[in-house]
Every structure is written in C-alpha cells, then in structure tokens.
Amino acid sequence: MFRKVTNLALVFIGILTYTLSTISPVSALEAGDIVMQVMPAEQEIELSPGLEYSSKVKVTNIGRLAFNFTVSARPYQVLNEDYDPDFSTENSYTKLHNWISFAQTSYHLEPNASTDVEFTIEVPADVAGGGQYAAIIIETRDSQDSNATMKTINQLASLLYAHVEGEEHVGGVLMSHRLPRFLLGSPFSSTVTIKNDGNVDFRAEHTLTIYDFFTNREVFTPDTVDSNERPLGTANPVILPATSRVSRLTWEGAPQLGVFRAVSHVSFLDQDSTKEQIVFICPVWLAGIVIFFIVLMILWIVLRIHKHKQNKPQVV
C-alpha cells in the first residue's frame, strides 16, 4: 500500500533537485522556458516479500516550451547530518531501486500538460524486513538550441520510503538539543540532532516558540510560515536507518537587540524533549562599545589602586 505524504514538489529547488551543467550559449534558454514539477515529492510504501506493487508520479510542464524527459530509479542515501542527497551509494538499505520497473522511460510534454509515470515494484521473496530507500528521477536534457555545445540537465526526484514487512527494529536517540544564550548577529536557531539506530526510518516533530521576555507575547510560533506558506516554526524530518540528522528551525528577521524566552520541543517514537532558554540578542557594534567601556573601567580601577599604593605613607 502506498501513502502519499507530500503532495507538492517545488520546481527545481524541491526536496532533491539540482542543475548539473549550464546552457551554452547563455541566450539559448531563458528563465521559465523549461520548468517541470513532480508530485508527490515523497511516498511512504508498505511492502511484503514476494508481492508486487504499482504506483505513479505525476509530471507537469509549467514552463513555456515543450520538452522530452526520461525516468529512472536510483538508490537514495544521504552524505551527512544535513542530509545532502546521495543518489549513488548502494548498501543494504538501497536495494529498492533494483526492484523498480517502468511502463515506459521516455516522455514528451507540451506546455501546461501533465502525464503519469507508472512504475511497478517486484519485491523478492527472500528480502529481509526493514527500510528500503530509492528515488524516481525525472530528467530533461532539452535546450532551445539543438546545436548548443552544452545543454542544461534538469533533474527532479520523488523519494520512496519503503518498509518491508518482517523483522523491523525501530529505535532512535536524541544526540543534542541546543538553544543559544547570547547572539551577536548570528541566526536565532533551535538545533536538534537525532540518531536512528534501528533498521527502518521514522519521523520526528521539532517546534520552536519564542516569547518577548518583558511582555510574554509570542513573536515566533510553530505556525509561523514564510511568504510561500512554508513552515518556519515546525519541522517533521525523516531519519533514515544508520544515520544522524540535524533539524534546524530559524527565526528569520529576528531583531538586532532584545531579550527573549525560547522554547524548543522535539518528539519522536516514545521520546519527548523540551528546552527553554533566555536569549540575549545584541548587535556586534553595541557589544564592542560595552566591552570597550568595561575595559576602560578595569584600567581605571587598576590605575586607582596603583596610585593609592604609591601615595600610601611608608612606615619606617
């Protein structure tokens, strides 16, 4: 059974998208000529050994020009705690891409048109239980000038989080939970690091609430969003087996001067952690002035003590 957990993939800056080369000449394509979108960006799949499953992703041309694209399946892993994607590493958790086949691998899309990319997963009968991870890669190499020496390679990825029925071990550890105490121009962020020591992925929920220290008014909440309606105060990261992941929530546009009370909460599996901290924000120039006057005061006190000792009558 498939469960779609994300119904929107961002254009070329979504979960896992990147440009591998650039147009030459530069005038060959303009921004917005070839733009594609894939939905959903993620799918959670429940698999059983020896059975077959079918699903699809929807690809839409939201640019001005028609283009051709191909589809393929690749392993999905991550390179570090920031979860930079890795589409080449193969290990015991990335066998899924070998089980995927497509109804067809080449497509053509006119502007404002959509098509469904259908694929089938044939699960081996002897596969072990646990998590398996892959990506459906949508790729176009088209450019307006067919004679250009280099063409843009645009790729989108729809991630597959598969859970194979069998012996599953679910476990995680909170490695760190941090809030700042004093900020000198650095971002106001809550950071947690979670380690998955099981064999299947799980999701965490990370929230941040910030209050004005003097009025107790909420200035940043888990419901805070940016101009594109993307959440800023809440994160629900997936933690893959045998990895650690950093989740970071940042108060964009925080004032340069103020005192605030921050409350950060993270929950996953059967664990909950709440951290509360009074945070002082001060611009660098003001901190420099304060330090300067403190140094002057210390020097003045030292000189006064030294002068007092010099003027003290000597006892013979």
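Over region 100-231, what lengths in whole Å, largest first, do the semi-axes of the equivalent ellipsoid take, defined as the square roots of 5 times the eigenvalues of the alpha-carbon gyration tensor?
Details: eigenvalues 315, 166, 40 Å².
In descending order, the three semi-axes are 40, 29, 14 Å.
Compute the normalised compactness of region 57-102: alpha-carbon radius of gyration over 2.2 N^0.38 Å, N being the residue count.
Working: Rg = 14.5 Å, N = 46, 2.2 N^0.38 = 9.4 Å.
Compactness ratio reported: 1.53.
For region 189-194, putting each phi into the Karplus relation 6.51 cos²θ - 1.76 cosθ + 1.60 with θ = phi - 60° gives couplings of 10, 9, 10, 10, 10, 10 Hz, in residue order, rounded to whole numbers and with x for Gly and Pro. Taking amide H atoms as placed 1.01 Å from N in the peptide plane, the amide H of G63 lies under 5 Å from those of V35, N112, each 5 or more residues away in sequence or on another chain.
Taking all pairs of different Cα atoms in region 49-162, averaging 1/r and flipping that mean, what Kirkwood radius in angstroms comes out? Show your work: numbers first, answer last.
On the way: mean 1/r = 0.0640 Å⁻¹.
Over region 49-162, the inverse of the mean reciprocal pair distance is 15.6 Å.
Could you sort K195, K309 by accessible area so the largest value comes first, with the probe set to 1.4 Å?
Working: K195 85, K309 140 Å².
Ranking K195, K309 by accessible area, largest first, yields K309, K195.
The convex hull of the Cα atoms of region 203-246, projected and averaged over all directions, covers 4.1 nm². For region 216-292, trypsin sites (Lys or Arg not before Pro) are listed when DSSP marks them as loop and at most 14 other Cβ atoms sit within 10 Å of their Cβ; the list is R217. In this structure R141 has an accessible area near 130 Å², from a 1.4 Å probe over the protein heavy atoms. In this structure Y161 has an accessible area near 10 Å², from a 1.4 Å probe over the protein heavy atoms. The alpha carbons of region 168-316 occupy a box of 88, 39, 22 Å along the principal axes, longest dimension given first.
Listed values for region 121-136 are Karplus-derived 3J(HN,Hα) couplings in whole Hz (6.51 cos²θ - 1.76 cosθ + 1.60, θ = phi - 60°), namely 10, 9, 7, x, 6, 9, 6, 6, x, x, x, 9, 9, 8, 9, 8, and x replaces Gly and Pro.
The values are calculated or read from the model by the stated rules, or taken from the named source; none is laboratory data. The shown structure was predicted, so the numbers you read here are calculated from the model rather than taken from an experiment. A quick note on method: Cβ atoms are made from the backbone with ideal geometry, for glycine too, and the neighbour counts reach across all protein chains shown. Heads up: the accessible areas ignore ligands, DNA and RNA and are worked out on the full protein's heavy atoms, side chains in. Shrake-Rupley method; radii C 1.70, N 1.55, O 1.52, S 1.80 Å.
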